[in-house]
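Chemist: Before we start, here is the structure in question, set down as structure tokens.
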Amino acid sequence: MLWKWPGSAVAILLVLQFCESTNSDFRTSTSIEHHVGRTDAGKDLKDGIKNPRPLIYVYDLPKLAPEFRNYTFCGDYSDTNYGFDQVFPALLFESPYITTDPDKADYFYAHIWLFWPGASRKLDPVIDAIREAGPWWDRKNGSDHIFIATADQGRCEYRRYPRARHAIFIQHFGGTFHHATLGCPLHNMWGGECDREFMLNEAMLRGEDPWLCHYPGQDIVVPTSAFERHDNANDHDDWMSGKITKPRPPPTPYTDAELNPNDTANTRNTKFFFIGHIQMEDNKDDPWRGTGYSFGARQTVFKMFHKHAGYQVTGSYGAGSSYWQSLSRSMYCLAVAGYGWSGRFKNSINRGCVPVIVQDGNRVEFEEQLPMQDIAVRLPMWMVHKMPSLLDWLTHIGKLGTMRKNIDFCAWRLFWWRRPYGRAFEVLMCELKRRALNAPKIQVRWETCEIECGDGNWINLKDGFNHV
């Protein structure tokens, strides 16, 4: 894999040559400690939960483990773009939500990695193994079964496996259609064929059920586990490029002064910030190439506002530690996609910068679960030309201050996985619990950092974790 910092995921799996089969049991590996590490800043409350929900039954599938789960030899990928394959089971196995009785389970999870050790692993052998393990897949046609899909375009990477159509994909990509990365060659096709809204509406009118990349209300878009770096990750780039072939040792819990956005010492004097790849290269013989990158959002914002007063909009692959510092000194930060999902929303909100989402047709993490209008701004592409005046107006009426307060006191924790800071796992369990109870949408009280998951009980997320 080639580390792409800090933009969208790009699946170049150079490191796969170092991954070999192993029969190691990830459930008992001591290396999960860095995912669920505990300090005085967090408290595990799982022992006090009398009737935990949701209840999740875990298929171990030992026949698939050597091929689909290679933790010991491959090392720790958890702080990469595709690390959620490792982070989710690490947190799940340390929680109260596992049941050993499948007849009591709300959900079923196959303990395999679909992305590692190879991108977009085949689903057929996984489903076959699940069906051999018991009758539970066929009972609801897989609709209560969970797959973790960290690939660039989520379930669209597995559209060749229609048996998974009704399963729950927990993924980072929230787009409806598979993204056309090569643009729209107008010399031999009509531009309307490149309009995803046109195509989806027409398919629905024809009575078709197109294979989507994200099914709202069924799949769940979650934050990436990337950018939660560790103290001993200095060799990260060398290791990921293949210069270091030995397994990486378990890193220590994340510690960084830039993490907590409640940073009154930092002056936010940049109105709007973005730095990243723009892909503005012109090719006279192939002018549409690259036009689909970021759905045109990065290019449009750069062309319109890179010289705007108070705006820092720069085309670059990265800027080292200054990137994180710039986020912490900015009021609004652009959250755009690349070729698939993006970590821009997470990066912004974890540093106290209000995300400005410009991703038509793409859901960002937890957008369907949380009241996002309290912590972020979403602009359709047709409103981008008015962005400076719109953001100035939000600042003038006090909306920026309210969003910053909600982020600083509570929201940033909900998009972070690692303990002791992270509460993203609690949001995910809350959503699964709400569905199991057939309850309305998650309720949030930002001023006290509490959520309600459908049973009438308000849970204070700052009190501890594993207590939904």
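The values are calculated or read from the model by the stated rules, or taken from the named source; none is laboratory data. Remember, predicted model here, so these are calculated numbers, not experimental data. Virtual Cβ from ideal backbone geometry, glycine too; neighbours counted across all protein chains shown. Keep in mind that these areas ignore ligands, DNA and RNA; they rest on the heavy atoms of the full protein, side chains included. Shrake-Rupley method; radii C 1.70, N 1.55, O 1.52, S 1.80 Å.
Chemist: Considering only the range 165-183, state which residues are more than 20 Å from residue 89 (Cα to Cα), in contact with a helix residue (DSSP H, G or I) (Cβ under 8 Å, 6 or more places away or on another chain) and modelled with pLDDT of 75 or more.
Modeler: 174, 175, 176
Chemist: Based on what the data block shows, is residue 77 at pLDDT 70 or above and either within 29 Å of residue 436 (Cα to Cα) or among the polar types (S, T, N, Q) (or both)? Walk me through how you get there before you give the answer.
Modeler: Details: at pLDDT 70 or above: yes; either within 29 Å of residue 436 (Cα to Cα) or among the polar types (S, T, N, Q) (or both): no.
Considered against the rule, which asks whether it is at pLDDT 70 or above and either within 29 Å of residue 436 (Cα to Cα) or among the polar types (S, T, N, Q) (or both), residue 77 comes out as no.
Chemist: Taking the condition open to solvent by 30 Å² or more (accessible area, probe 1.4 Å) and modelled with pLDDT under 95, does residue 363 pass?
Modeler: Values: open to solvent by 30 Å² or more (accessible area, probe 1.4 Å): yes; modelled with pLDDT under 95: yes.
Taking the combined requirement at face value, the residue satisfies it.
Chemist: Same structure, new question: Determine which member of the set 322, 326, 348, 342 is open to solvent by 10 Å² or more (accessible area, probe 1.4 Å) and either without any contact (Cβ under 8 Å) to a residue 40 or more places away in the chain or of a type in the set (Val, Ile, Thr) (or both). Give the derivation first.
Modeler: Values: 326 fails: either without any contact (Cβ under 8 Å) to a residue 40 or more places away in the chain or of a type in the set (Val, Ile, Thr) (or both); 348 fails: open to solvent by 10 Å² or more (accessible area, probe 1.4 Å); 342 fails: either without any contact (Cβ under 8 Å) to a residue 40 or more places away in the chain or of a type in the set (Val, Ile, Thr) (or both).
Unique residue meeting the criteria: 322.
Chemist: Hey, does the range 138-147 have a residue that's assigned to a helix (DSSP H, G or I), under 22 Å from residue 60 (Cα atoms) and without any contact (Cβ under 8 Å) to a residue 24 or more places away in the chain? Can you show your working first?
Modeler: First pass over the range 138-147, keeping only residues assigned to a helix (DSSP H, G or I): 138-139.
Still in the running and under 22 Å from residue 60 (Cα atoms): 138-139.
Checking which are without any contact (Cβ under 8 Å) to a residue 24 or more places away in the chain leaves us with 138-139.
The answer is yes, given that some residue of the range 138-147 is assigned to a helix (DSSP H, G or I), under 22 Å from residue 60 (Cα atoms) and without any contact (Cβ under 8 Å) to a residue 24 or more places away in the chain.
Chemist: Consider residue 399 carefully, then state whether it is over 27 Å from residue 225 (Cβ atoms), open to solvent by 10 Å² or more (accessible area, probe 1.4 Å) and touching a strand residue (DSSP E or B) at 6+ places or on another chain (Cβ under 9 Å). Walk me through it before giving the result.
Modeler: Details: over 27 Å from residue 225 (Cβ atoms): yes; open to solvent by 10 Å² or more (accessible area, probe 1.4 Å): yes; touching a strand residue (DSSP E or B) at 6+ places or on another chain (Cβ under 9 Å): yes.
Judged against the criteria, residue 399 is a match.
Chemist: Here are 212, 200: which of them is modelled with pLDDT under 85, under 28 Å from residue 372 (Cβ atoms), surrounded by 17 or more Cβ atoms within 10 Å (Cβ to Cβ) and among the aliphatic types (A, V, I, L, M)? Write out each step before concluding.
Modeler: On the way: 200 fails: surrounded by 17 or more Cβ atoms within 10 Å (Cβ to Cβ).
Only one candidate passes the filter, namely 212.
Chemist: Which condition does residue 37 not pass, out of (1) modelled with pLDDT of 50 or more; (2) surrounded by fewer than 19 Cβ atoms within 10 Å (Cβ to Cβ); (3) in contact with a helix residue (DSSP H, G or I) (Cβ under 6 Å, 6 or more places away or on another chain), if it passes all the others?
Modeler: Tallying (1) modelled with pLDDT of 50 or more; (2) surrounded by fewer than 19 Cβ atoms within 10 Å (Cβ to Cβ); (3) in contact with a helix residue (DSSP H, G or I) (Cβ under 6 Å, 6 or more places away or on another chain), residue 37 fails exactly one: (3).
Condition check ((1) at pLDDT 80 or above; (2) open to solvent by less than 10 Å² (accessible area, probe 1.4 Å); (3) of a type in the set (A, V, I, L, M)) across all residues:
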position: 257; (1), (2), (3): no, no, yes
position: 262; (1), (2), (3): no, no, no
position: 266; (1), (2), (3): no, no, no
position: 272; (1), (2), (3): yes, yes, no
position: 275; (1), (2), (3): yes, no, yes
position: 281; (1), (2), (3): no, no, no
position: 286; (1), (2), (3): no, no, no
position: 297; (1), (2), (3): yes, yes, yes
position: 310; (1), (2), (3): yes, no, no
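Chemist: Name the residues in the range 448-466 that are open to solvent by 20 Å² or more (accessible area, probe 1.4 Å), in contact (Cβ under 8 Å) with a residue 40 or more places away in the chain and not basic (Lys, Arg), would you?
Modeler: Step one: of the range 448-466, the residues open to solvent by 20 Å² or more (accessible area, probe 1.4 Å) are 448, 450, 452, 454-460, 462-463.
In the following step, the residues that additionally are in contact (Cβ under 8 Å) with a residue 40 or more places away in the chain were identified as 455, 462-463.
Matches in the range 448-466: 455, 463.
Conditions tested, residue by residue: (1) outside any loop (DSSP other than H, G, I, E, B); (2) open to solvent by less than 10 Å² (accessible area, probe 1.4 Å); (3) within 30 Å of residue 144 (Cα to Cα).
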site: 369; (1), (2), (3): no, yes, yes
site: 385; (1), (2), (3): yes, no, no
site: 390; (1), (2), (3): yes, no, no
site: 405; (1), (2), (3): yes, no, no
site: 414; (1), (2), (3): yes, yes, yes
site: 419; (1), (2), (3): no, yes, yes
site: 426; (1), (2), (3): yes, yes, yes
site: 430; (1), (2), (3): yes, yes, yes
site: 441; (1), (2), (3): no, no, yes
